[in-house]
Each structure stands twice: as structure tokens, then as C-alpha cells.
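Some notes on the structure that comes next.
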Amino acid sequence: MSPLIPNFTTQFWPKSQASFKTTMNTLFSRITSQTLRVLAPAKFFLAATLLLASCKKESDIGIDIQPESDLLDLQISDTTTLVTYTVREDSVRTDETTVSLLGSYVDPIFGKSSAGIFTQFMLPNNLQNIDFGATAVLDSMVLTLAYKFDYYGDTTSTQNIVVYQMTEALVKDSNYFSNHLQQYYPTPIGQVNVTPKPRTKVAVGSDTLPAHIRIPIDPSFANLLFSQSGTANFANNTNLLQFFKGLYITPNNPSQATGQGSVFQIGMRETQTALTMYYHTATDTTKFSLVVPAEGAYYDYYTHDYTGTPVQTQLNAQPGQQAEVYLQSMGGVKTKIEFPFLDNWKNLGYNIAINQAELVIKADPSQATSDRPINTRLFLVAIDSLGRSKLLIDMTETLSYYGGTVNTTNSEYRINLARHFQDMLSGEEGNYGFYLKEISPTETARRAVIGGGDPSSPYKMYLHLVYTRIN
């Protein structure tokens, strides 16, 4: 059996322990803001020696082991106990993401999920002293939101999208998270019923434009904003944002039925995303748009209602082994994974070198539909003694080494945590558990029902270990 040798073992092997630490610090310091521990050189030596090893299946830890006279013996185990259960995701950071999410859907397993957007609108290109002229008369105001290509859920059902005026300012350099509710006036200034068509162009007059949503704005607010023409409030963006702090755009679908609704992607910096004033003067008919430029701030706000769902039942239960567990994007839920008997691997009476530690995760395909497919890619974070999350050192390797991408043929994910697991055995990393999560929680509303660590689960999650005994 050919063992898996980490790519940079041979590329960056130093001649001394001091140079090893220098090399590894240089490699990993640029990869993540979280602390990544330096690996001991002996581990790489042990992994490299696996080229000489033979394969053997052991039925349990410490059972049916090789004679002590054998210096090297490649062995396989799939029997490590995992305890798995579902926990809430506290929040995810959503300010100035590549795409924003908008809309709501009701899922039979995960309940109702909603995504709204808080955003500034500013003068384009930092224009100053905007004046439409003494004879200018506003005809209408329309908020347009550019679709991006992707969506999740049923786009055949109609949704009500509502617009509110914000009363609390956004700050561009601040971090905003998905559970933060900004303040706004309670009376809507615009709304529209829309059947999302994120891949269909829109005819506007004689023009055919990229796919977007069009929301008419109430004339009272529209005229108030338009009347700032020629005043200090339209002198520059600093003054404008003091007068007009921005908009909250959100779904309002209280009567959505199970299986209805969708969450779709919006491009906040796209040309079609704008707050446009259509007006005429004594000599012309024209328009002027406020936009969301690079210096503009925006973020997504997500909500989840799990009332009466299997997810809620598990969240309300005491932490412990579950036959199936849940994953959800948009700051929803994640899976906690624990290794309660890790010391069994530490107390074998001999040392082992971990060649591969592959977490095998299987989704229940019966709980996915063409409208609501499972997550595309997952990842693990380790938990430290203070309950904080940190990236695994294994993530610094190639995607083919680390894994996490779904195999659509069998709805399976595989994640290799060999280096981190070796550090757990050596004591360099603590055994405080892991979180299994969606890797792009702000770009999709995907979710999955996956097998837990309970042996009774038909989609049981397990750890596939390939290791070498070292006498």
C-alpha cells in the first residue's frame, strides 16, 4: 500500500532543527492570522520512512499488533470513537463580502432562514456639489439590485422584498457580523413582490439589461432625497451619509410554506445595484444614481427559526452522541466533534507516526433536493482551551491533500487532519474537539443532514487512520 507523503516534506526539509523552525515559521506565518504550531522534524522523518512499511488492518486499538521485533508496520484503523452533535453558529462576518444574500426559504429540517442587507448609497466617483437645477422635477425613484448567478431554493414562489431607511450609520472600517441588527425606521419606503429570476435579463424601455430586481421607492422619501439637490447634503459623500445613512433591504414572507422560497445572491458593487432618481427639467429627461462604491459599507443580516424542527430538538438536547447531525451556511448550525478516548492512542506502549487521519463524512442523500443540494465544501476548525476556533495546520497543504470537497456520486466528504492529529498525540495540541463547518457561509444558503458518530447511523462518520508503529 503506497503511503501518502506530504508534499512539502521533501521540498522544504531543512538540515537542522533551527533551520527547520525558521523555514516553517516563514511558510505558515503568511497563511493564517491564527497561530500555527511548528511541527517537530522527527514527525516528517517518521512519515518519510513509511515508504518501507507494509499494510495491516487492526480491529481495535492495541489488538492484533505486530511483534516487537518489527520496527515499522503500516496499520489502518477505522474504530476511533467520535462523539458528534449539533450546535449553533454564533455568527459569521459579512461586511463587504463578494456577494450578498437576500431572500428567505422554509426547510422541513432546518426551519425558516432569511437574509437581508444593510447598505450605504453614495455619490458615484466621489462627485461633489450635485445640483439638478432649479427646474428639475422628480418623476420616480427605483432601487435596483443586481443578481449574481447563484441561488438556493425554489425560485418559482413569490417573495415580498421590503426596503427601510436606516437611522444608524455604518462605518466602513468596522467589522459587521450576521447577527447584528442595525437600527432603522419601522415604516417601509419601498417594497415589491418578486419571483426571483437571477439568470434572466430585464427589459427596461428599449434596453435589455443584466438580471436585477427593481423596487419602486415611496414618493415622499424620494422627493425628500431629491430635494437635497444644490444643498450641503449633496456637497460630498461625508455630508450625504450624515443625512441619508442607508437602506435595509429584507424579505417579508410570514406565510411561506415548507418547501417554498429561496435565497439568492446580490452583487452590491455591480452596475445594476443603484438608487436611481428619474427626473426632468425644462429641457431634458434624465436620471441620477447613488451607488455602493469601493469605499461604501454594507453587510448581511441573517436569521434562523428552528421552531418545531429536528434541528431544534437536537439543539435543545444535552450535548452527546447523535446518529445524524446538521450543517448550515449563513451562520446557522455546525457540528461539534469530540474524541473522548484519545488517550487510548497515547497509551499503546509504543510510538506511532500518523500518515493519514481522514475524517469521512457522509450526507443523507434523501434529505437533499435539486433545489436544496448539500454543501459543496466543508472544513474543520480545532477548539482551544478557551473555546476559540483555530485553523488546522493541514489546511496549509494542497486541496488534494486536505480535501473537504463533496463527492457528488456518493454524497461523501473526506478531510485529512493527519498533522493536527499527530500533534494531539504528542501533546502539542489539546483535545478540546472540533467544529465541522461550511467553508463559504456568506456565499450560499446550503445545508446538509450528515451521519453522526453513533455506530447505528447508516451514514456513520468515522476517522480513517493510517499509521506506523515505531519501536
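The values are calculated or read from the model by the stated rules, or taken from the named source; none is laboratory data. Predicted model only: the values in this text are computed from it and were never measured. Backbone-built Cβ (ideal geometry, glycine too); neighbour counts: all protein chains shown.
Those strands (runs of 3 or more DSSP E) of segment 154-207 in which 1 or more residues are among the hydroxyl-bearing types (Ser, Thr, Tyr) and free of Cβ contacts under 8 Å to residues at least 40 places away in the same chain are absent.
Return yes or no: is residue 136 in the same structural domain as residue 281 (by TED's automatic domain parsing), at pLDDT 95 or above and not aromatic (Phe, Trp, Tyr)? So residue 136 passes the test.
Here segment 229-239 is the region considered, the condition is being more than 40 Å from the chain's Cα centre (by Cα) and either among the charged types (D, E, K, R) or not in a helix (DSSP H, G or I) (or both), and the residue that is surrounded by the most Cβ atoms within 10 Å (Cβ to Cβ) is 229. The residues of segment 342-378 that are surrounded by 18 or more Cβ atoms within 10 Å (Cβ to Cβ), outside any strand (DSSP E or B) and more than 20 Å from the chain's Cα centre (by Cα), listed by number, are 345, 367. If you go through segment 379-391 one residue at a time, do you hit one that is buried (at least 19 other Cβ atoms within 10 Å of the Cβ), in contact (Cβ under 8 Å) with a residue 12 or more places away in the chain and outside any strand (DSSP E or B)? There is no residue in segment 379-391 that is buried (at least 19 other Cβ atoms within 10 Å of the Cβ), in contact (Cβ under 8 Å) with a residue 12 or more places away in the chain and outside any strand (DSSP E or B).
I'd like the residue in segment 308-329 that is assigned to a loop (DSSP other than H, G, I, E, B) and not small (Gly, Ala, Ser) and, out of all such residues, is nearest to residue 457 (Cα to Cα). In this case the residue turns out to be 322.
Being assigned to a loop (DSSP other than H, G, I, E, B) and at pLDDT below 95: is that true of residue 68 here? Answer is yes for this residue.
Answer yes if at least one residue in segment 424-432 is in contact (Cβ under 8 Å) with a residue 40 or more places away in the chain, touching a helix residue (DSSP H, G or I) at 6+ places or on another chain (Cβ under 7 Å) and not acidic (Asp, Glu), and no otherwise. The answer is yes; a qualifying residue exists. Every test in (1) farther than 30 Å from residue 369 by Cα; (2) modelled with pLDDT under 95 is passed by residue 245 save one, and that test is (2).
For segment 272-318, filtered to residues that are touching a Pro at 6+ places or on another chain (Cβ under 8 Å) and of a type in the set (Val, Ile, Thr), the residue that is nearest to residue 335 (Cα to Cα) is 309. Can you find a residue in segment 128-150 that is of a type in the set (Lys, Arg), under 27 Å from the mean Cα position of the chain (by Cα) and assigned to a strand (DSSP E or B)? Within segment 128-150 (the criterion being of a type in the set (Lys, Arg), under 27 Å from the mean Cα position of the chain (by Cα) and assigned to a strand (DSSP E or B)), the answer is yes, since at least one residue qualifies. On the stretch given as segment 116-137, residues that are surrounded by fewer than 19 Cβ atoms within 10 Å (Cβ to Cβ) and of a type in the set (A, V, I, L, M) total 4.
Pick from 321, 242, 328, 256: which is more than 30 Å from residue 433 (Cα to Cα), buried (at least 18 other Cβ atoms within 10 Å of the Cβ) and not hydrophobic (A, V, I, L, M, F, W, C)? Going through 321, 242, 328, 256 in turn, the sole match is 256. Each residue in segment 91-109 was checked for being in a loop (DSSP other than H, G, I, E, B) and over 17 Å from residue 305 (Cβ atoms), and 7 of them qualify.
Checked against (1) in the same structural domain as residue 432 (by TED's automatic domain parsing); (2) buried (at least 19 other Cβ atoms within 10 Å of the Cβ), residue 164 passes all but condition (1). In segment 208-231, the residues that are among the aromatic types (Phe, Trp, Tyr) reach residues that are in a loop (DSSP other than H, G, I, E, B) with C-beta atoms within less than 7 angstrom, at least six apart or across chains, in these pairs: 221/189.
What residue, among those in segment 270-298 that are in a strand (DSSP E or B) and of a type in the set (S, T, N, Q), is surrounded by the fewest Cβ atoms within 10 Å (Cβ to Cβ)? Per the criteria, the residue is 285.
Would you confirm, using the coordinates I've provided, whether residue 286 is closer than 17 Å to residue 137 by Cα and in contact with a Lys or Arg (Cβ under 7 Å, 6 or more places away or on another chain)? No, not satisfied. In segment 92-127, of all residues being under 23 Å from residue 270 (Cα atoms) and of a type in the set (Gly, Ala, Ser), the one that is nearest to the chain's Cα centre (by Cα) corresponds to 100.
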